[in-house]
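The values are calculated or read from the model by the stated rules, or taken from the named source; none is laboratory data. The structure displayed is predicted, hence computed values, not measured ones. Virtual Cβ from ideal backbone geometry, glycine too; neighbours counted across all protein chains shown. These area figures cover heavy atoms from the full protein model, side chains too; ligands, DNA and RNA do not enter into them. Shrake-Rupley method; radii C 1.70, N 1.55, O 1.52, S 1.80 Å.
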Amino acid sequence: MTGIRPAHAVVVGASMAGTLAAHVLSRHVQAVTVVERDALPETPEHRKGVPQGRHAHLLWSNGARLIEKMLPGTTERLLTAGARRLGFPEDLLTLTAQGWQYRFPETQFAIVATRPLLDLTVRQQAFAAGNITVRERTEAVELLGDAGRVGGVVVRDVDSGRTERLVADLVVDAGGRGSRLRPWLAALGVPALEEDVVDAGVAYATRLFRAPPGATLRFPAVNVASDEKRGEPGRFGVVYPVEGGRWLATMSCTRGAQLPSREEEFVGFAEGLSHPIIADLLRDAEPLTPLFGSRSGANRRIYPERSAQWPEGLVVVGDSLSAFNPVYGHGMSSAARCADTLDREFGRGVGSTNALQRAVSSAVDDPWILAATKDIDYVGCRVEASDARLYGVDAEQRLRFAEAITTASLRSAKASAIVTEVMSLNAPQSELGSNRMLMAMRADERLPELTAPPLSALELAVVNLDAATVTPS
């Protein structure tokens, strides 16, 4: 495709990955068609095609900056609609297995809001280009072409059942965890792709609550992590301030633990976390929704770039390519990284879709290894993976190193800044083993270990808590 402006691209799925991919492609392709099975709401509403959409989401600064570059004004639109900009680690109350995190001054940030608001705000701008056509209530059912080249898709109208051939120079699979890429490729005679799966059996339960007046603006987000040193299934909880003066509370666990299935069990689960601060916050808060649960948190990655017979005209992005445990908040940023890579590579002059896919796959490597190396050590985690980085160090040594990094980052501002850079995807995962990190761990002054949640008197007052009644660690 070098030097040629493709006439038509089809994007399968109006996910965050598909939406951003369609937008950047509209700069390089004469016409873009987005095929989406759902009807896309015109207000911030949940839809079936985003199964994890009710749970807590954050858009890390790396993803936020990339989206802002692609769609200027997105951040301001989100904040105007009620989203919250959190400075990290300053605006986050975090308890890890190694203790409480000092709330050092902001070095990175994240945007928090409900997923429907995030999706709608991006979608309204991304699809504004005159050469993008969105086909709602339409699903892709097979690929056109052969093992050497994909030439479009066959689509089916969900309501009428009528099928149609959409001829295209480029097909982008952004179908998410429900992608049907594997049977589609088999039908073309393409050999099965390599796949890695790290599945800790993560499940989620979420409710929205009305926050106390002012709490969404003058109180930090809360994250109580699991204590993996106990050698038992992980249990986590977060409370994020979102639009509409609400708290979005998500409880999660790994295989072997039991999530609440009834509304009256929700706060009780929070009481059983490593610290009851979330239960303290929610006990008297007004619930606004029922309890919503899901089980789709496996880390899964395919490797089209390794295929000896990858067809021209096909690219895979987003969760179709690499899906992560959502607890780390990397999915939307990874989608942005895929789109940014498409934009950059097309701007350079694409040599082949195989080269394009290699570049896109490289863009998701850091979030993949961050999530997979964290989840692989949970009790009962099921692993089918060939990535040597997951097995290069024995589990005990890997845990010791991770614990040393976390311990340093809790009480050292320099170490915290490096970890935050990596977690927000602004620095490569390899930076955790860099000389800079080792020097911060060895030489930087460490503050005393915190024995209670680091909340100010004003913050406690906003949520009607008393320092004397907040449980020490």
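Scan the range 57-66 and give yes if some residue there is of a type outside the set (D, E, K, R), in a loop (DSSP other than H, G, I, E, B) and touching a Leu at 6+ places or on another chain (Cβ under 8 Å), otherwise no. Step through it out loud before you land on a result.
Applying the first criterion (of a type outside the set (D, E, K, R)) to the range 57-66 yields 57-64, 66.
In the following step, the residues that additionally are in a loop (DSSP other than H, G, I, E, B) were identified as 57.
In the following step, the residues that additionally are touching a Leu at 6+ places or on another chain (Cβ under 8 Å) were identified as 57.
Yes, there is a match, as at least one residue in the range 57-66 is of a type outside the set (D, E, K, R), in a loop (DSSP other than H, G, I, E, B) and touching a Leu at 6+ places or on another chain (Cβ under 8 Å).
Considering the range 238-247 alone, what residues qualify as being touching a Pro at 6+ places or on another chain (Cβ under 8 Å) and either in a strand (DSSP E or B) or surrounded by 22 or more Cβ atoms within 10 Å (Cβ to Cβ) (or both)?
Scanning the range 238-247 gives a single hit, Trp247.
Could you tell me whether Arg54 is under 23 Å from Arg85 (Cβ atoms), assigned to a loop (DSSP other than H, G, I, E, B) and basic (Lys, Arg)?
Numbers: under 23 Å from Arg85 (Cβ atoms): yes; assigned to a loop (DSSP other than H, G, I, E, B): yes; basic (Lys, Arg): yes.
Considered against the rule, which asks whether it is under 23 Å from Arg85 (Cβ atoms), assigned to a loop (DSSP other than H, G, I, E, B) and basic (Lys, Arg), Arg54 comes out as yes.
In the range 188-215, which residues are surrounded by 22 or more Cβ atoms within 10 Å (Cβ to Cβ), more than 21 Å from the chain's Cα centre (by Cα) and of a type outside the set (A, V, I, L, M, F, W, C)?
Of everything in the range 188-215, nothing turns out to be surrounded by 22 or more Cβ atoms within 10 Å (Cβ to Cβ), more than 21 Å from the chain's Cα centre (by Cα) and of a type outside the set (A, V, I, L, M, F, W, C).
Regarding Val383, is this residue part of a strand (DSSP E or B) and open to solvent by 30 Å² or more (accessible area, probe 1.4 Å)? Don't jump to the end; show me each part of the working.
Details: part of a strand (DSSP E or B): yes; open to solvent by 30 Å² or more (accessible area, probe 1.4 Å): yes.
When the stated conditions are applied, Val383 passes them.
Within the range 207-237, track down each residue that is within 29 Å of Glu384 (Cα to Cα) and either among the hydrophobic types (A, V, I, L, M, F, W, C) or part of a strand (DSSP E or B) (or both). Before the answer, list the steps.
Initial filter on the range 207-237 (within 29 Å of Glu384 (Cα to Cα)): 224-237.
If the condition is that a residue be within 29 Å of Glu384 (Cα to Cα) and either among the hydrophobic types (A, V, I, L, M, F, W, C) or part of a strand (DSSP E or B) (or both), then Val224, Ala225, Arg235, Phe236, Gly237 are the ones that fit.
I'm trying to understand the selection: among the residues of the range 85-118, which are buried (at least 20 other Cβ atoms within 10 Å of the Cβ), among the basic types (Lys, Arg) and not in a loop (DSSP other than H, G, I, E, B)?
Matches in the range 85-118: Arg115 only.
If you scan the range 37-70, which residues turn out to be under 14 Å from Leu20 (Cβ atoms) and either open to solvent by 30 Å² or more (accessible area, probe 1.4 Å) or touching a Ser or Thr at 6+ places or on another chain (Cβ under 9 Å) (or both)? Show your work before the answer.
Just the residues of the range 37-70 that are under 14 Å from Leu20 (Cβ atoms), to begin with: 59, 62-70.
Result: Leu59, Asn62, Gly63, Ala64, Arg65, Leu66, Ile67, Glu68, Lys69.
Need the failing condition index for Thr74 against (1) in contact with an Asp or Glu (Cβ under 6 Å, 6 or more places away or on another chain); (2) more than 13 Å from Leu118 (Cα to Cα); (3) of a type in the set (S, T, N, Q), just the number.
Thr74 satisfies all of (1) in contact with an Asp or Glu (Cβ under 6 Å, 6 or more places away or on another chain); (2) more than 13 Å from Leu118 (Cα to Cα); (3) of a type in the set (S, T, N, Q) except (2).
For the range 298-348, enumerate the residues that are touching an Asp or Glu at 6+ places or on another chain (Cβ under 6 Å), in a helix (DSSP H, G or I) and of a type in the set (Gly, Ala, Ser).
Passing the criteria: only Ser320.
Checking the conditions here, which among Thr420, Thr407 is of a type in the set (Ser, Thr, Tyr), in contact (Cβ under 8 Å) with a residue 40 or more places away in the chain and over 20 Å from Val327 (Cβ atoms)?
Details: Thr420 fails: over 20 Å from Val327 (Cβ atoms).
Of Thr420, Thr407, the one residue that is of a type in the set (Ser, Thr, Tyr), in contact (Cβ under 8 Å) with a residue 40 or more places away in the chain and over 20 Å from Val327 (Cβ atoms) is Thr407.
When you look at Val419, is it open to solvent by 40 Å² or more (accessible area, probe 1.4 Å), within 28 Å of Ala335 (Cβ to Cβ), of a type in the set (A, V, I, L, M) and not in a loop (DSSP other than H, G, I, E, B), yes or no?
Considered against the rule, which asks whether it is open to solvent by 40 Å² or more (accessible area, probe 1.4 Å), within 28 Å of Ala335 (Cβ to Cβ), of a type in the set (A, V, I, L, M) and not in a loop (DSSP other than H, G, I, E, B), Val419 comes out as no.
Could you tell me which numbered condition Thr341 fails, if it satisfies all but one of (1) β-branched (Val, Ile, Thr); (2) within 20 Å of the chain's Cα centre (by Cα); (3) farther than 30 Å from Leu188 by Cα?
(3)
Residue pairs, Cβ under 6 Å, 6 or more apart or interchain, first in the range 306-335 and under 23 Å from Ser226 (Cβ atoms) and in contact (Cβ under 8 Å) with a residue 24 or more places away in the chain, second of a type in the set (Asp, Glu) and crowded, with 24+ Cβ neighbours inside 10 Å. List them.
Pairs that qualify, where the first residue is under 23 Å from Ser226 (Cβ atoms) and in contact (Cβ under 8 Å) with a residue 24 or more places away in the chain and the partner is of a type in the set (Asp, Glu) and crowded, with 24+ Cβ neighbours inside 10 Å, are Asn325/Asp375.
Can you pull out every residue in the range 152-182 that is farther than 28 Å from Gln52 by Cα and outside any loop (DSSP other than H, G, I, E, B)?
Scanning the range 152-182 gives Gly152, Thr163, Glu164, Arg165, Leu166, Val167, Leu170.
Say we look at the range 278-308 and pick out the residues that are open to solvent by less than 60 Å² (accessible area, probe 1.4 Å) and among the acidic types (Asp, Glu); which of these is nearest to Ser322 (Cα to Cα)?
That would be Glu305.
Tally the residues that are closer than 10 Å to Thr206 by Cα and either open to solvent by 10 Å² or more (accessible area, probe 1.4 Å) or outside any strand (DSSP E or B) (or both), restricting the search to the range 251-262.
Keep residues of the range 251-262 that are closer than 10 Å to Thr206 by Cα, which gives 251-252, 260.
Now narrow it down to the ones that are either open to solvent by 10 Å² or more (accessible area, probe 1.4 Å) or outside any strand (DSSP E or B) (or both): 260.
Adding up the residues that qualify gives 1.
Given the criteria assigned to a helix (DSSP H, G or I), open to solvent by less than 40 Å² (accessible area, probe 1.4 Å), hydrophobic (A, V, I, L, M, F, W, C) and under 25 Å from His8 (Cα atoms), does Leu185 qualify?
Details: assigned to a helix (DSSP H, G or I): yes; open to solvent by less than 40 Å² (accessible area, probe 1.4 Å): yes; hydrophobic (A, V, I, L, M, F, W, C): yes; under 25 Å from His8 (Cα atoms): yes.
Yes, satisfied.
Taking the range 26-36, which residues are more than 21 Å from the chain's Cα centre (by Cα) and either more than 22 Å from Cys338 (Cα to Cα) or open to solvent by less than 60 Å² (accessible area, probe 1.4 Å) (or both)? Steps first, please.
To start, the set of residues in the range 26-36 that are more than 21 Å from the chain's Cα centre (by Cα) comprises 26-35.
Once the filter is applied, which keeps residues that are more than 21 Å from the chain's Cα centre (by Cα) and either more than 22 Å from Cys338 (Cα to Cα) or open to solvent by less than 60 Å² (accessible area, probe 1.4 Å) (or both), the range 26-36 yields Ser26, His28, Val29, Ala31, Val32, Thr33, Val34, Val35.
Hey, Arg162 hits all of (1) in contact (Cβ under 8 Å) with a residue 12 or more places away in the chain; (2) touching a strand residue (DSSP E or B) at 6+ places or on another chain (Cβ under 8 Å); (3) of a type outside the set (A, V, I, L, M, F, W, C) but one; which does it fall short on?
Arg162 satisfies all of (1) in contact (Cβ under 8 Å) with a residue 12 or more places away in the chain; (2) touching a strand residue (DSSP E or B) at 6+ places or on another chain (Cβ under 8 Å); (3) of a type outside the set (A, V, I, L, M, F, W, C) except (1).
Residue-wise test of (1) crowded, with 20+ Cβ neighbours inside 10 Å; (2) of a type in the set (Val, Ile, Thr); (3) in contact (Cβ under 8 Å) with a residue 40 or more places away in the chain.
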| site | (1), (2), (3) |
| --- | --- |
| Asp340 | yes, no, yes |
| Thr353 | yes, yes, yes |
| Ala363 | yes, no, no |
| Ile369 | no, yes, yes |
| Arg398 | no, no, no |
